[in-house]
Amino acid sequence: MTESCIRSVVEAIHSSPFQAVLHLAGGASQVVGSLLSVPGASNTVLEVVVPYSKMSLIQLLGKIPSQFCGQQTAEDMALLAYNRALKLSKPGSPAVGVGFTGSLASSRPKLGEHRFYMSTRTADQLWISSVTLTKGLRTREEEDRVSSHLLIKAIGNACKVPGASVLLLSESDVSDECETQFNEDQQLEQLINGQICFKIYPFENEISAERKIIMPGSFNPLHDGHLKLMDVATRICGDGYPCFEISAVNADKPPLSVSQIKDRIKQFEKVGKTVIISNQPYFYKKAELFPGSAFVIGADTAVRLINPKYYDGDYNKMLKILVGCKETGCTFLVGGRNVDGAFKVLDDIDVPKELKDMFVSIPAEQFRMDISSTEIRNRSGM
């Protein structure tokens, strides 16, 4: 691939809606320069991590790999990069995770093969490739260039960019690749099992803000009160992308089934509202997953949130966890709700002084609706 060919592929990648995180070890170093030197890189590149030492790669993976340069390691790196891209990407932008691990020519002769493994991961696709280069045919720099160009093409394919033909490998080089497609049910199973951290359904037509305004709940069913509360919260925030959020995994109940999740998703599709399916039932984990977000909750949830009972009865533990949420830049917008038979708003709750600026009141005159999903289910015999 000529430099002009590489540039045209990179320009097309930057023009696509995909946003990527790259994990690179042992080669393909020229990918970074190729991506960042072309205008529009901020549209695509969210983060590049180079775990070059063995200890760095162990810390990234959270385990000692069976092979530092191997297919499974590249796949694991791509999956970690994909989950990281989900957290960093703009709402509604498709994410790409890229993993690369190589054992190329070095200053000392290698006993083993000169080889590398590449993997890309998107919501619906896993792609893996292995390449074994002919020993002694190229310098280290040339091997790095080959791996870099092939990885640029792979990123382009993941971003659905038509790739230029690649004539970089000789007849004595060996390459192999495989691709796995995931349907929606498989993606949701992966979420329930903890392989991916969340899946977003961007049913909202216009996405202009990066900060998320998130209303967590079971939404069984979704009702007008939820929609009106979100509208009020969005006006109070002034700028943000409204998202409803359902955790497929519950703290004290079995996880939702795929069919249950899909039934609840249909409610949001009908009203054109974005919904996120996550696997984090606890707010401190949601804060890690969606840093800088504004969470919309009812006064009943706010009461539980600051109750030491839910932190093993330890007030200091509660404070430490919620201060951690605060440090992620998250806030809580609190709407009035019935608590123990009485309608309460934020001012009726004794919030610790260390946390007060994290909570924002939604005035009762702007929103009040006492009906709940539970009451709707009971009335309809669901």
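The values are calculated or read from the model by the stated rules, or taken from the named source; none is laboratory data. What you see is a predicted model; the values in this text were computed from it and never measured. When we count neighbours, we look across all protein chains shown, and the Cβ atoms used for this are built from the backbone with ideal geometry, even at glycine. To get the accessible areas, we keep the full protein, side chains included, count just its heavy atoms, and leave off ligands, DNA and RNA. Shrake-Rupley method; radii C 1.70, N 1.55, O 1.52, S 1.80 Å.
Residues whose amide H falls under 5 Å from that of Glu245, counting only those 5 or more places apart or on a different chain, are Met215, Gly217, Ile276, with hydrogens built in the peptide plane.
Whenever you get a sec, compute what percent of the accessible area on the chain sits on carbon and sulfur atoms (1.4 Å probe). Looking at the chain in its full context, I get 49 percent from C and S. Backbone amide hydrogens, once placed in the peptide plane, bring Ser361 within less than 5 Å of Val334, excluding anything fewer than 5 places away on its chain. To the nearest Å, what is the center-to-center distance of the stretch 296-341 and the stretch 236-275, using C-alpha atoms only? Their Cα centres are 21 Å away from one another.
Considering every alpha-carbon pair of the stretch 186-380, the percent of pairs per 10 Å bin, from zero through the bin containing the longest distance, is 8, 35, 40, 16, 1.
Heavy-atom accessible area with a 1.4 Å probe sorts Val303, Val45, Val10, largest first, into Val303, Val45, Val10. Averaging the sequence gap over all C-alpha pairs within less than 8 Å and six or more residues apart, then dividing by the number of residues, gives the stretch 186-380 a relative contact order of 23 percent. Normalising the Debye intensity of the stretch 114-155 to I(0), with uniform scatterers on Cα atoms only, and taking log10 at q = 0.17, 0.29, 0.33 Å⁻¹ returns -0.49, -1.04, -1.20. Structural descriptor for the stretch 129-256: relative contact order 22 percent, calculated from alpha carbon pairs under 8 angstrom and at least 6 residues apart. Here the contact order of the chain, divided by its residue count and restricted to Cα pairs under 8 Å and six or more residues apart, works out to 13 percent. Phi-derived couplings, Karplus 6.51 cos²θ - 1.76 cosθ + 1.60 at θ = phi - 60°, listed residue by residue for the stretch 223-240: 9, 4, x, 4, 5, 5, 4, 5, 4, 5, 4, 5, 5, 5, 5, x, 8, x Hz, with x used for Gly and Pro. Ranked by solvent-accessible area (1.4 Å probe, protein heavy atoms only, all chains present), the residues Ile213, Ile200 order from largest to smallest as Ile200, Ile213. Accessible surface comparison of Thr180, Thr134, Thr73, probe 1.4 Å, protein chains only, largest first: the order is Thr180, Thr134, Thr73. Note on the stretch 128-257: Kirkwood radius taken over Cα pairs, Stokes-Einstein applied at 37 °C and 0.692 mPa s, translational D equal to 168 µm² s⁻¹. Structure remark: mean-square fluctuation, Gaussian network model of the chain, C-alpha springs under 10 Å; the largest value among Ala85, Ala74, Ala342 belongs to Ala342.
Once the C-beta distance of Lys54 and Glu142 is scaled by a Förster radius of 22 Å, the resulting FRET efficiency is 0.30 to the nearest 0.05. Relative to the longest principal axis of the Cα atoms of the chain, the long axis of helix 140-158 makes an angle of roughly 40 degrees.
Label-to-label distance for Gln187 and Phe68 is 3.6 nm, based on points extended 7 Å past Cα in the beta-carbon direction.
The alpha carbons of the stretch 34-156 give a radius of gyration and a Dmax of 15.0, 48 Å, in that order. Sorted from greatest to least, the principal axis extents spanned by the alpha carbons of the chain come out as 79, 43, 38 Å. With Cα atoms as the point set, the radius of gyration and Dmax of the stretch 242-313 evaluate to 13.7, 42 Å.
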